[in-house]
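Take a look at the structure set out below.
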Amino acid sequence: MLASAAPPPADTTGYCFEAKWDGIRLLARCAERVELFSRQATNLTTCFPEIVDALSAGLEGRTAILDGELVAFDHHARPNFQLIQRRLRAPRPGPRLLASVPLTFCVFDIIYLDGHDLTGHTYLQRRRMLDDLRLHKPPIVISPYWTGIGTDAMAEIMRGLGLEGYVLKHAHSTYQPGRRSAAWIKHVVRQRRPMVVGGFIPSAGTHRGGLGALLVGAYDTNGELRYCGHVGAGMTPRTRASLMERLSDLQQPLTPFAAPIPELRGARWVRPTVVVDIEYRQFTGRLRHPALKSVLIDADSSGISLPPEG
């Protein structure tokens, strides 16, 4: 069952909030043996042996199908999607990788238990059955839910925790496999802060020679400009033309970013004086899903510090 991207209702009476974890969706089919499947039904059982072992021990032979999110937490205890990608590249991880990138299975639903199909039960009924299993022991976590909170307050809580957002689920909704249902509504929390333009990549194709993407960064505690990512979304044709004209006058042969920086094909460097307002989903050393909101006039680029990770 998938959540819709519709605006949350003004009145959230009868709804429950869950955290939106930044990981990969996972179904666990637990019987004589435990098998793990992605949303696309790819069998990932051998990729995550610690989750298999924990579910086998916790269920003690009971049959169940659990729905949840597999998450890798960084040293700030915040989900980091880049870490989980390291695990996905290893179909049979060794002890070193298991120790360096531990995972958590955040279970938020149960759709089958001891021979009974639970998809026709309400959300709250299923959550009570899930809680009764008492699986809450790392690396298994029963994802909490909250009621009686407004959408704005929940968005601020998720932002403060460095989480991706929240999912709003109707308390009486049944589980609808394979459907994107209006009974579940997802809301992504966006961050926003100024960034310094240190370069750009010209556009290709029919708009060759125009502005393709901005290369942005911010200053670390040593006063060095660190590359944070490229931004191509959020720019109108007029904004692209205006920025291209301005940046062309600021070009210089060497990058203003401190090493190391990734290989950026076709990059052109500029004096770091232009400041832009960037909206993004998460910062993990690189901006995730950034978009330009505006160009800040007369802003002091030297005062732009790196955003907190998470």
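Some notes on this structure:
- Per-residue [θ]222 nm for the chain (sum of -39500 (n - 2.57) over DSSP H runs n ≥ 4, rounded to 500): -5500 deg cm²/dmol
- Folded to 0 to 90 degrees: helix 237-248 orientation relative to the chain principal axis, Cα: 50 degrees
- Lysines whose Cα lies under 23 Å from that of LYS137, excluding same-chain neighbours fewer than 8 positions away: LYS20
- R0 of 35 Å, Cβ-Cβ distance GLU50-HIS289: FRET efficiency to nearest 0.05: 0.75
- Spin-label proximity, HIS75 to the stretch 282-310 - amide N less than 13 Å from point 7 Å beyond Cα toward beta carbon: 309
- Taking a ≥ b ≥ c as the square roots of the Cα gyration tensor eigenvalues, the stretch 1-186 comes out oblate, since a/c reaches at least 1.5 and a/b does not exceed b/c.
- A Förster distance of 25 Å, applied to the separation of the beta-carbon atoms of THR273 and THR239, puts the FRET efficiency at 0.90.
- For the stretch 245-305 and the stretch 82-127, distance of Cα centres in Å: 38 Å
- Accessible area (Å², per residue) of the chain, counting only protein heavy atoms and a probe of 1.4 Å: 50 Å²
- Trypsin sites (Lys or Arg not before Pro) restricted to the stretch 1-79 and DSSP loop, no more than 13 other C-beta within 10 Å: ARG33, ARG39, ARG62
- The stretch 156-173 versus the stretch 177-206: alpha-carbon centroid distance in Å: 18 Å
- Taking the C-alpha atoms of the chain, convex hull volume expressed per residue in Å³: 165 Å³
- The apolar share of the surface of the stretch 57-199, taken as the fraction of accessible area on carbon and sulfur atoms (1.4 Å probe, ligands and nucleic acids excluded), comes to 53 percent.
- The simple spin-label model puts a point 7 Å past each Cα toward its Cβ; for THR221 and SER302 those points are separated by 2.1 nm.
- Partner aspartates and glutamates whose Cα lies under 19 Å from the Cα of LYS169, excluding those fewer than 8 positions away in the same chain, are identified as ASP11, GLU18, ASP22, ASP67, GLU69, ASP109, ASP131, ASP152, GLU156.
- LYS293 accessible area, 1.4 Å probe, all protein chains in place, Å² to nearest 10: 100 Å²
- Tilt relative to the chain, helix 151-160 - C-alpha long axis, 0 to 90 degrees, to 10: 70 degrees
The values are calculated or read from the model by the stated rules, or taken from the named source; none is laboratory data. The shown structure was predicted, so the numbers you read here are calculated from the model rather than taken from an experiment. A quick note on method: Cβ atoms are made from the backbone with ideal geometry, for glycine too, and the neighbour counts reach across all protein chains shown. With ligands, DNA and RNA removed, areas are computed over all heavy atoms of the protein, side chains included. Shrake-Rupley method; radii C 1.70, N 1.55, O 1.52, S 1.80 Å.
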